[in-house]
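See structure below.
The values are calculated or read from the model by the stated rules, or taken from the named source; none is laboratory data. This one's a predicted model, so the numbers in the text were calculated from it and none came from an experiment. Here the Cβ positions follow ideal geometry from the backbone for every residue, glycine too, while neighbour counts run over all protein chains shown.
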Amino acid sequence: MRGQMKKTAAGALAAAFLIGTAVCGGTRMTAYADSIVVNSSSEIETGAGDLYSTAVVARKQVTVWEINRDDDLILQDIDLPFDTYRELSIGILYPQPDGSFALGLKEDGSFDYETGAGDYVSIDTDLNAGEVYDVVDSIRFHGELGGHPVDSCLYFLMFRYDRDGVDMVWTGDIFIKFVSAEELAHMRESKRTEIENEQRASEPAPAAPQWKSNDKGWWVEYPDGTYLTNAWYQSPESGLWYYMGADGYMLADTWYQSPESGLWYYMGADGRMLTDAWHQSPESGLWYYMGTDGCMLTDADTPDGYHVGADGVWIQ
């Protein structure tokens, strides 16, 4: 299957016989003067970043390139010497009961791609730059999945080519997992949230506001010069509550009624909201009781056994 050029995957690569290096904007495998750049399709259309997870293969943790199962793979660039052939195959690894994947290991600890895989599917035997491959359909129609769904298996790319009469095998340790578009979108959102949380965690904590005063009164000012207006403020040191009026100054020795709830509070001479306390109005000689949350009690019994009416006044 051929189609237009689209976007690229990037990964930390290591190769059998060859060495892989990651480049911005593509999975580039290089060895000596040779190189291959492999891309995936929809990511360049959407501008979405490449996504990666991890898996355990032969007791080793590997990086896995997550690809939308509807995407094609694109051979963006190929620079391999060859005499007679350049071939791309896909290795299929079946999931083990513990969720890992099996693959043979050589004595030096590197993967043995010639053994231990579930199956191999030949994708193309005449590679050329710009070719596009519908890998999932090739796997479904020509691969042996051992009864496993396409999305549950792990895959790896394997390039073979004839170099001066020698059969070369190049894997680059590129492991691939195919996922649905919905799952990929969820993964991208989770990744975006993770990055945002990390950025927020790395940002310095905002400087705390400070009390300021002049001949008129007190206010709470932030480092940028702004100050609270029409807002409650709880002192981080004492836990006491204060209310800043429309002009920013702290209310003191006065009543305050919340415009949202209609409840009444009394701010003492030092500005703090009265709680669990009686307040006597200096103008009328009447008594009111301010509850645990600072709200004036109405039509209720006070903790010390008295009763206040619907207007909050103590009934003698």
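Do you know which residues across segment 303-315 are surrounded by 17 or more Cβ atoms within 10 Å (Cβ to Cβ) and not in a strand (DSSP E or B)?
Gly312, the sole residue that qualifies.
Step by step: first the residues of segment 188-212, then only those that are within 30 Å of Tyr249 (Cβ to Cβ) and at pLDDT 80 or above, then the one that is surrounded by the fewest Cβ atoms within 10 Å (Cβ to Cβ). Which residue is that?
It comes out as Ala208.
Got at least one residue in segment 100-121 being over 31 Å from the mean Cα position of the chain (by Cα), crowded, with 20+ Cβ neighbours inside 10 Å, part of a strand (DSSP E or B) and assigned by TED's automatic domain parsing to the domain that holds Asp79?
Yes, that holds for at least one residue.
Would you tally the residues in segment 147-173 being buried (at least 19 other Cβ atoms within 10 Å of the Cβ) and modelled with pLDDT under 80?
So the answer is 5.
When segment 196-232 is examined, which residues are found to be charged (D, E, K, R) and within 28 Å of the chain's Cα centre (by Cα)?
Within segment 196-232, Glu196, Glu198, Arg200, Glu203 meet the criteria.
Is segment 243-265 home to any residue that is of a type outside the set (A, V, I, L, M, F, W, C), in contact with an Asp or Glu (Cβ under 8 Å, 6 or more places away or on another chain), modelled with pLDDT under 95 and surrounded by 12 or more Cβ atoms within 10 Å (Cβ to Cβ)?
no
What is the residue count in segment 155-208 for residues that are touching a residue at least 24 places away in the same chain (Cβ under 8 Å) and of a type outside the set (D, E, K, R)?
22
Filter segment 79-112 down to residues that are modelled with pLDDT of 80 or more and within 17 Å of Phe156 (Cβ to Cβ), then give me how many there are.
So the count comes out to 14.
If only one of Asp299, Asp304, Asp276 is within 49 Å of the chain's Cα centre (by Cα) and of a type in the set (D, E, K, R), which one is it?
Among Asp299, Asp304, Asp276, only Asp276 is within 49 Å of the chain's Cα centre (by Cα) and of a type in the set (D, E, K, R).
How about segment 58-76: which of its residues are among the polar types (S, T, N, Q) and either in contact (Cβ under 8 Å) with a residue 12 or more places away in the chain or touching a helix residue (DSSP H, G or I) at 6+ places or on another chain (Cβ under 8 Å) (or both)? It would help to see each step written out before you state the result.
Of the residues in segment 58-76, the ones among the polar types (S, T, N, Q) are 61, 63, 68, 76.
Answer for segment 58-76, where residues must be among the polar types (S, T, N, Q) and either in contact (Cβ under 8 Å) with a residue 12 or more places away in the chain or touching a helix residue (DSSP H, G or I) at 6+ places or on another chain (Cβ under 8 Å) (or both): Thr63, Asn68, Gln76.
Among (1) touching a helix residue (DSSP H, G or I) at 6+ places or on another chain (Cβ under 7 Å); (2) within 14 Å of Ile36 (Cα to Cα); (3) acidic (Asp, Glu), there is one condition Asp79 misses while meeting the rest; what is its number?
So the condition that Asp79 fails would be (1).
Of all residues being of a type outside the set (Gly, Ala, Ser) and touching a residue at least 24 places away in the same chain (Cβ under 8 Å) in segment 260-274, which is farthest from Tyr242 (Cα to Cα)? Just the residue, please.
Within segment 260-274, the match that is farthest from Tyr242 (Cα to Cα) is Leu263.
Farther than 30 Å from Leu297 by Cα and touching an Asp or Glu at 6+ places or on another chain (Cβ under 8 Å), is that true of Pro204?
no
Looking for something assigned to a loop (DSSP other than H, G, I, E, B) and either among the acidic types (Asp, Glu) or at pLDDT 75 or above (or both) - is there at least one such residue anywhere in segment 62-70?
Looking through segment 62-70, at least one residue is assigned to a loop (DSSP other than H, G, I, E, B) and either among the acidic types (Asp, Glu) or at pLDDT 75 or above (or both).
Quick one: which strands (runs of 3 or more DSSP E) lie wholly within segment 172-249 and hold at least 3 residues that are closer than 30 Å to Glu260 by Cα and in contact with a Phe, Trp or Tyr (Cβ under 8 Å, 6 or more places away or on another chain)?
Once the strands (runs of 3 or more DSSP E) in segment 172-249 are filtered for at least 3 residues that are closer than 30 Å to Glu260 by Cα and in contact with a Phe, Trp or Tyr (Cβ under 8 Å, 6 or more places away or on another chain), what remains is 210-213, 218-221, 231-234, 241-244.
Please state which of the following conditions Ala185 fails to meet, knowing it meets all the rest: (1) modelled with pLDDT of 80 or more; (2) surrounded by fewer than 16 Cβ atoms within 10 Å (Cβ to Cβ); (3) out of contact with any Lys or Arg (no Cβ under 8 Å at 6 or more places or on another chain).
Unmet for Ala185, out of (1) modelled with pLDDT of 80 or more; (2) surrounded by fewer than 16 Cβ atoms within 10 Å (Cβ to Cβ); (3) out of contact with any Lys or Arg (no Cβ under 8 Å at 6 or more places or on another chain): (1).
Quickly run through segment 92-145 and pick out the residues that are in contact (Cβ under 8 Å) with a residue 24 or more places away in the chain and of a type in the set (Phe, Trp, Tyr).
Selection gives Tyr94, Phe101, Phe111, Tyr113, Tyr120, Tyr133.
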